Amino acid sequence: MSASRPVRDGLFRDCGDGTARLLGARCADCARYHFPRAEVCPYCSCDSCSAADLGPRGRLWLYTAVLRPPPGYRGVVPFGFGVVDLEEGVRIVARLTEGDPARLRSGQPMLLVVEHLHDDDGTRVETYAFAAAEEG
Amino acid sequence: MSGAVEIAGVGLHRFGRFDGTSVVDLGLVAVRAALADAGLRRGGFQAAYCGTVYSGVAAGHKVLTALGLTGVPIVNVEAGCASGAAALDLGVGAIRSGRYDCVLVFGMEKMPAGIIRSSFFEPWREEAGLAVTPAYFALRAQRLMRESGVTREMLADVSVKNHRNGVHNPDAMFRKEFSVEQVLSSALVCDPLTLFMMCSPNEGAAAVVLRRGGRGGVEIAASALRSHLPGSVLGEHTPLSGLIDDTAPPPTSLAARAAFEEAGLGPGDLDLCEVQDTDSARELNSYEELGLCGVGEAGPYYAAGHTQMGGALPVNASGGLLSKGEPLGASALGGIVELYRQLRGEAGARQVDGARVGLAHTVGRGANASVVILKR
Ligand SMILES: [Zn+2]
């Protein structure tokens with residue numbers, strides 16, 4: 001098995017069961033979640049945030065597809081791109097594993113997964129993405 | 001309002017692609033034209049503010065160095081798409097404060113072609129494919145389709161409208177009409193947006209001379225610059241993961257409210273608007289954010305034809321960025337130059353009859369939004 005690395009440390013956790021969790025945080029003062037995790041709350045600027053894992057379940061809100069590689073991107077196209085409302089009440093803009101918008105619909109259940117981006121000198125580079133989940 | 005500010009003169013280098021011409025060359029053309037238009041001689045302005053994003057160190061200084069007009073304070077301003085508007089806002093404030101009587105404001109840019117690689121995005125976001133500006137625009141467009149009665153045909157028609165207006169603007173890059181079918185069948189960029197619904201980054205420059213008011217010229221009735229509140233989603237700041245609050249007013253609404261209050265005017269007083277149309281959906285979004293129509297009403301408002309030439313409130317009579325292209329530092333001031341010409345009845349075949357009050361809007365990365373109201 002080849003080595004792998006996340007596209008950036010501290011973004012997500014691979015749960016080993018096909019799902020992932022986002023490494024977010026919750027502010028003790030204003031009670032809002034944010035992601036990626038930061039020490040200072042991006043809403044109220046207080047520094048009483050504590051770590052909170054987010055996901056893996058949510059529902060799709062908006063979606064499109066990226067057809068050509070954007071600047072600095074070395075992975076495959078097309079890929080999906082959308083906004084997912086997580087059960088925790090946080091809204092995440094992220095990649096979608098489904099690259100055909102015709103196969104997506106607003107409100108459908110989504111699951112946070114680990115996605116292979118590209119290989120860097122033999123190392124698998126991975127990121128988080130949402131995949132369509134079964135209803136239920 | 002302490003101390004009215006008016007426009008003493010304007011200048012423009014037309015927007016387009018000009019290989020072999022430096023950004024300083026472009027700026028020189030606009031600045032010289034504005035100084036001549038204002039009848040200013042050496043020593044005529046006491047400070048200069050230059051909006052630009054990609055021009056490097058002390059770009060505004062280079063322009064004024066070439067003209068032998070240095071010695072005064074020169075400030076280079078970067079605020080994304082609103083850079084020129086931010087420069088204008090500083091100039092207006094400086095005159096109002098009583099510090100200066102006359103200032104030069106200009107903006108200029110030579111943009112790279114294609115999807116712009118922006119240092120706004122961190123490297124990991126680029127590597128993960130998240131640095132994809134048109135996809136954020138597409139999500140906003142889809143939202144308008146779902147919540148504001150906007151259709152694909154309407155998105156195409158905004159481009160048709162602006163290109164039709166742009167035919168009459170000699171300073172525009174694209175002076176060609178398209179049909180709705182042509183716009184819809186142009187290359188898909190990010191569903192629902194097609195290539196002809198997106199503006200092109202390009203090159204150009206614009207300049208405005210401001211002076212203490214009261215001489216009967218076109219007056220700056222209001223200038224408001226705002227940034228986003230924490231958490232606003234699908235704004236021009238290309239929201240990144242974790243920002244959730246969709247109820248926060250977007251920066252355009254913050255700027256519009258402040259500008260209308262400052263001017264003592266409302267949307268019903270406007271005769272024309274120049275609105276940021278980075279893509280077709282952005283223009284429709286701005287109708288709601290500026291308060292031209294209610295939230296959720298952009299579709300029916302557009303369909304009623306109000307914003308067409310001859311309608312109650314023509315939007316982007318200049319052809320907008322869809323026709324002119326978008327040279328970041330210059331584009332906001334391009335809107336000011338257009339309004340100035342319109343309010344003076346000098347807009348030729350694209351003249352909005354009897355225009356007395358106009359609004360210019362820009363919004364961009366940061367997020368920054370600017371609303372400027374001119375009146376005569
Ligand atoms: Zn907080």
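The values are calculated or read from the model by the stated rules, or taken from the named source; none is laboratory data. Please read these numbers as outputs of a predicted model, since none were measured by experiment. Virtual Cβ from ideal backbone geometry, glycine too; neighbours counted across all protein chains shown. Protein only, heavy atoms only, side chains kept; ligands, DNA and RNA dropped before computing areas. Shrake-Rupley method; radii C 1.70, N 1.55, O 1.52, S 1.80 Å.
Kindly provide the helix-only [θ] at 222 nm of chain B, computed as the sum of -39,500 (n - 2.57) over DSSP H runs of four or more divided by all residues, to the nearest 500 deg cm²/dmol?
Values: 12 runs with 130 residues, N = 376.
The per-residue figure over chain B is -10500 deg cm²/dmol.
Between the helical axis of B:251-263 and the longest alpha-carbon principal axis of chain B there is an angle of about 50 degrees. Can you list the lysines whose alpha carbon is less than 19 Å from that of B:LYS62, not counting same-chain residues fewer than 8 positions off? Correct list for B:LYS62: B:LYS110.
Please give the average number of partner chain Cβ atoms lying within 10 Å of the Cβ of each residue in A:91-102, rounded to a whole number.
On the way: counts 10, 6, 13, 4, 5, 0, 0, 0, 0, 1, 5, 1.
Other-chain Cβ atoms within 10 Å of each residue's Cβ, averaged: 4.
Could you work out how far the C-alpha centroid of the stretch A:84-107 sits from that of the stretch B:57-134, in angstrom? A separation of 36 Å, based on Cα centres.
Taken about its Cα centre, the stretch A:4-132 carries a charge dipole of roughly 360 debye when the Cβ of each Lys and Arg holds +1 and the Cβ of each Asp and Glu holds -1. Across chain B the C-alpha pair distances fall into 20 Å bins from zero in the proportions 32, 60, 8 percent. Within 10 Å of the Cβ of each residue in B:100-113, the mean number of Cβ atoms contributed by other protein chains is 0.
Once you average over the residues of A:71-82, how many Cβ atoms of partner chains fall within 10 Å of each Cβ? Don't skip to the end; give the middle numbers.
On the way: counts 12, 13, 8, 3, 3, 1, 1, 2, 3, 1, 9, 4.
Mean shielding count: 5.
Ranking of B:ARG14, A:ARG32 by solvent-accessible surface, largest first: B:ARG14, A:ARG32 (1.4 Å probe, protein heavy atoms only, all chains present). The value given for the stretch B:251-290 is a Kirkwood hydrodynamic radius of 10.7 Å, derived from the mean inverse Cα-Cα separation.
Tell me which lysines have Cα within less than 19 Å of B:LYS176's Cα, excluding those fewer than 8 residues away on the same chain? Partners within reach: B:LYS161, B:LYS324.
Return a whole-number percent for the relative contact order of chain A, with Cα pairs under 8 Å and 6 or more residues apart as the contact set. Please list the in-between numbers first.
Numbers: 327 pairs, mean separation 32.2, N = 136.
For chain A, the relative contact order is 24 percent.
Packing, as the average of other Cβ atoms within 10 Å across residues, places the peptides A:75-86, B:205-216 in the order B:205-216, A:75-86, highest first. Say the dipole of the stretch A:4-132 comes from +1 at the beta carbon of Lys and Arg and -1 at that of Asp and Glu; which of A:VAL125, A:VAL76, A:LEU60 then lies farthest toward its positive end? In the stretch A:4-132, that residue is A:LEU60. Among beta bridges identified by DSSP and lying wholly in chain B, the antiparallel ones come to about 70 percent. For chain A, taking a cut-off of 4.7 Å between Cβ atoms, the unpaired cysteines are A:CYS15, A:CYS46, A:CYS49.
In percent, rounded to a whole number, the relative contact order of chain B is 26, using alpha-carbon pairs under 8 Å and six or more apart. Starting from the Cα of A:ARG8, step 7 Å toward the Cβ, then list every residue of the stretch A:28-46 with an amide N under 17 Å from that point. The answer is A:34-43.
Annotation: B:VAL29 carries an accessible surface of approximately 70 Å², with a 1.4 Å probe and no ligand, DNA or RNA atoms counted. Other residues lying with their Cβ under 11 Å from the Cβ of B:LEU313 contribute a combined charge of -2, Lys and Arg counting +1, Asp and Glu -1. Accessible surface ranking for B:GLU261, A:GLU115, 1.4 angstrom probe, highest first: B:GLU261, A:GLU115. Of the listed residues B:ARG117, B:ARG226, the order by accessible area with a 1.4 Å probe, largest first, is B:ARG117, B:ARG226. Of the whole protein surface, A:SER106 contributes about 50 Å² of accessible area at a 1.4 Å probe radius. Excluding ligands, DNA and RNA and using a 1.4 Å probe, chains B and A jointly bury around 3200 Å² of accessible surface, summed across both partners. Return the carbon/sulfur percentage of the accessible area of the stretch A:4-132, one whole number, probe 1.4 Å, all protein chains in place. Solvent-exposed carbon and sulfur of the stretch A:4-132 make up 43 percent of the total.
The value for the protein assembly as shown of Rg(Cα) / (2.2 N^0.38 Å) is 0.99.
On average, how much accessible surface per residue is there in the protein assembly as shown, in Å², for a 1.4 Å probe, leaving out ligands, DNA and RNA? Don't jump to the answer; show the numbers that get you there.
Values: 18960 Å² over 512 residues.
That works out to 37 Å² for each residue.
Calculate what fraction, in whole %, of the accessible area of chain B sits on carbon and sulfur atoms when a 1.4 Å probe is rolled over the protein chains. Percent of accessible area from carbon and sulfur atoms in chain B: 51. Among the protein heavy atoms, those of A:CYS30 account for about 50 Å² of accessible surface (1.4 Å probe, every chain in place). Considering the stretch A:50-136, its Cα convex hull presents a mean projected area of 6.8 nm².
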